Amino acid sequence: MSVDAAANQGTTPVRKGFELDEARLFGWLREHVEGFKGPASIQQFKGGQSNPTFKIVTPSRSYVLRRKPGGPIIKGAHAIEREARVISALAHTGFPVPAVQALCLDDSVIGSWFYVMDLVEGRIFWDATFPEMSASDRASCFSAMNATLARLHSIAPDVVGLGDFGSKGNYFERQIRRWSTQYLDDADAGRDPGMDRLIEWLPNAIPPGDETAIVHGDFRCDNLVFHPDEPRILAVLDWELSTLGHPLADFAYHAMMFRMPPDIVAGLGGTGPLPKGIPTEADYRAEYARNSGRAPISDSDYAFYIAFNFFRLAAIFHGIKGRVIRGTASSAHAQERARSVPRLIDLAVASMNACL
């Protein structure tokens, strides 16, 4: 079982330091969530690297609450109001997301902003091999992931009220600058020579061509809720990193699973021959091009997109490392994330070297 599977599945009693004022919270929910009625109980999801996430159970239905973490917050991070906004906008298109019930921008209720959405029951796969599944269903799940991401990228931001959800154009330049700055500014987490090389190389290696789409930013199998019995997606979760960006960056992040060691996040890297039903990385890449109606992605461009995404994830985990050091990390296994930073940097450098 991967680190993600062992540490993220299910819920636990609310961990020390993450307690909520239940009386104030339930009073607010009764006022702002239609049909909310106690008695209610709260547990904390084991996962949730950045924004602490809780399950609220009532006799009639269950909800998910996501809040900003406590402690110092990096500017622009943990913007749960953006999560609520993009989920609500996409819901109107029929895209598979939970229904957002309420957004609270009043710190006095539980100490930070939060939103509440419906709990979508189904299967979450923390193992990218989709174990104990037939080859046919496994193939269908991979096709569903590919098609769902392509569908997201086909939704026009302006049409769904997300035209100002992020800057349009120059996505790679902006992202490289953002994550480079976050990495360089977090002195607590330290420096790495490979990361420094990437910061120097990436801005000058961006492939030509520019596109703008709604991007998820963390599209992985463990952020998807699959139907309990069928190989189809009921909900896409964890929109914290969503913005307007380049769709090929978003796809390549998702396709990193083919190279990602499974003990870091859900991945297929180093697991031996792919289980029956799982396409090759090249075939999956070609399928996305067909689903999105674009020309095939060249090897050199794809190598850049992969290098960029391993760099980006390394920067994110570097930020988790800083929060571990400062004592504000919200996940029980954040230390595992912190220890993964050097390997992610190595994978980014390997893909960079393939471009040289």
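Restricting the first member to segment 177-201 and to residues that are farther than 22 Å from ALA329 by Cβ, and the second to residues that are in a helix (DSSP H, G or I) and not hydrophobic (A, V, I, L, M, F, W, C), the beta-carbon pairs closer than 8 Å and six or more apart or on different chains are ARG177/PRO203; GLY194/PRO342; GLY194/ASP346; ILE199/SER180; ILE199/TYR183.
Per the conditions (1) over 20 Å from the mean Cα position of the chain (by Cα); (2) under 28 Å from PRO52 (Cα atoms), the sole criterion not satisfied by PRO275 is (2). The test for being of a type outside the set (Ser, Thr, Tyr) and either surrounded by fewer than 15 Cβ atoms within 10 Å (Cβ to Cβ) or not assigned by TED's automatic domain parsing to the domain that holds ALA266 (or both) holds for LEU356. Out of the residues in segment 88-102 that are among the hydrophobic types (A, V, I, L, M, F, W, C) and within 20 Å of the chain's Cα centre (by Cα), state the one that is surrounded by the most Cβ atoms within 10 Å (Cβ to Cβ). Filtering segment 88-102 for residues that are among the hydrophobic types (A, V, I, L, M, F, W, C) and within 20 Å of the chain's Cα centre (by Cα), the one surrounded by the most Cβ atoms within 10 Å (Cβ to Cβ) comes out as VAL97. Every condition in (1) surrounded by 18 or more Cβ atoms within 10 Å (Cβ to Cβ); (2) over 23 Å from MET260 (Cβ atoms) holds for TYR171 except the one numbered (2).
Among the residues of segment 131-168, those identified as closer than 24 Å to ALA89 by Cα, surrounded by 14 or more Cβ atoms within 10 Å (Cβ to Cβ) and hydrophobic (A, V, I, L, M, F, W, C) are ALA144, MET145, ALA147, LEU149, ALA150, LEU152, ILE155, VAL160, LEU162, PHE165. LEU248 meets all of the listed conditions (1) modelled with pLDDT of 95 or more; (2) assigned to a helix (DSSP H, G or I); (3) over 20 Å from the mean Cα position of the chain (by Cα) but one, namely (3). Of the residues making up segment 89-134, just one is part of a loop (DSSP other than H, G, I, E, B) and in contact with a Gly (Cβ under 6 Å, 6 or more places away or on another chain), namely ALA128.
Identify, from the list ILE264, ILE306, ILE325, ILE278, the residue that is hydrophobic (A, V, I, L, M, F, W, C), part of a helix (DSSP H, G or I) and surrounded by 20 or more Cβ atoms within 10 Å (Cβ to Cβ).
Testing whether each residue is hydrophobic (A, V, I, L, M, F, W, C), part of a helix (DSSP H, G or I) and surrounded by 20 or more Cβ atoms within 10 Å (Cβ to Cβ) leaves just ILE306.
For residues that are in a loop (DSSP other than H, G, I, E, B) and surrounded by 13 or more Cβ atoms within 10 Å (Cβ to Cβ), scanning just segment 1-18, find the one that is modelled with the lowest pLDDT. Checking each candidate, the answer is SER2. Only one of ASP263, ASP283 is more than 20 Å from the chain's Cα centre (by Cα), among the acidic types (Asp, Glu) and farther than 23 Å from PRO208 by Cβ; which? Criteria check complete, one pass: ASP283.
The values are calculated or read from the model by the stated rules, or taken from the named source; none is laboratory data. Everything numeric in this text was worked out from a predicted model, so none of it was measured. Here the Cβ is made from the backbone with ideal geometry for all residues, glycine too, and neighbour counts use every protein chain on show.
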